[in-house]
Amino acid sequence: MQRDWRRGESPVGRDHRTVIFYHALYVHQVRCREISDQREMAMHIVISQTWCRRLIVVAGAAILLGVGFTAGCVVAAQPHMYNALNALQTARGELQVALADKGGHRVIAIRLINEAIGQVQAGIAAGS
């Protein structure tokens, strides 16, 4: 009956080369187990990083949706002001392409529309 030196039994009766061989084999197996454990840990870290990235993406998307919804509510809260702003901008564009022979009234109208656009924008900002 042979004794197993890895379990604390004495290697008496074995050739020293055999003992050295078994010791090297044992050290190799221990190192392989350590490498395997390290690989497992590395995979765990990679999986954790992947989940963290997914969580960040989902949280970012939720924040963007919340901000978009809130901004949409703010914009929707003043539809008449935005309609007036669009109408003034359209009127200014029409006056700018009109013929210039209006006795200076076209230029005065453009100036007044620009002032009105500024007032409407200030009203929107104050209401937000």
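All of the numbers you see were taken from the coordinates with simple rules; none came from a lab. Model, not experiment: these values are computed from the prediction. All Cβ positions, even for glycine, are placed from backbone atoms using ideal geometry, and neighbour counts span all protein chains on display.
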So, with points 7 Å from each Cα along the Cβ direction, the Tyr22-Ser36 label distance in nm works out to 2.1
At R0 = 22 Å, FRET efficiency that the Cβ-Cβ distance of Ser128 and Val67 yields, to 0.05: 0.95
